[in-house]
């Protein structure tokens, strides 16, 4: 049994940090975007008739926005900044 | 001139109920489904944050500014902070370990303290839940939604 499996078995939920999160920390953006979309649309929509469709659209928009932001920052750090002259 | 008077209602009790339990303000205004959805979103995000980061991600003394946002989620944030104090800081769970600070002083930290990305995720989830609940309780304070004629 590896260390992660042992740590998970010994894990005390809500008291101890969840083991094995660090390797895939960026995946937690998905439940966060879902939570933000569910709450924000419940506050803002006048009628809840097309609620889940609107939540899905907002989730997609936020996800695309975050991916675009990450790609832009990656371009800046890996392409643009190395081109700058070193004094 | 045709004057349309828009009756603005203000309900402090709905705001207070929304702070005590997210979504309760909307339920008090008669909007059950909206209240349940807000409860699902805010409480779900807060619990997910504590599940990932542990109780240490809500810390009034060490992360005071984050706690301002987290406190928007209501008494659940205060209870998590108290649990952090009672369980981790007093060493009732985990093991207290010595930690050397940058100034050379030695302090004690709990082995269950969350660090790095795990703590960041937990703090962010709980703070987002608090901020969204502030928006929800401001919405509840406006009173029941008017149905379009």
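Computed from the coordinates by the stated procedures, all read-outs in this text should not be read as laboratory data. All values reported here derive from a predicted model rather than from experimental measurement. Don't worry about glycine lacking a Cβ; one is built from the backbone with ideal geometry, like all the others, and counts go over all protein chains shown.
Some observations on this one:
- With Cα atoms, 0 to 90° folded angle of helix B:32-53 axis to chain B main axis: 10
- Distance from region B:19-35 to region B:110-146 (C-alpha centre basis), Å: 17
- Rough spin-label spacing in nm, given labels placed 7 Å along Cα→Cβ, for residue B:108 and residue B:68: 3.2
- Taking the square roots of 5 times each eigenvalue of the Cα gyration tensor of the protein assembly as shown, largest first, gives ellipsoid semi-axes of 37, 26, 17 Å.
- The long axis of helix B:116-141 is offset from the longest Cα principal axis of chain B by roughly 20 degrees.
- The order of the peptides B:44-50, B:89-95 by mean Cβ neighbours within 10 Å, most packed first, is B:44-50, B:89-95.
- Label point of residue B:9 set 7 angstrom out along Cα-Cβ; within region B:25-44, amide nitrogens under 12 Å from it belong to B:26-31.
- Shape of region B:80-149, Cα gyration tensor, a/c cut at 1.5: prolate
- Once the mean of 1/r is taken over each pair of separate Cα atoms and inverted, region B:21-145 shows a Kirkwood hydrodynamic radius of 15.4 Å.
- Within the listed set B:108, B:26, B:70, the residue fluctuating most in the Gaussian network model of chain B (springs between alpha-carbon atoms under 10 angstrom) is B:108.
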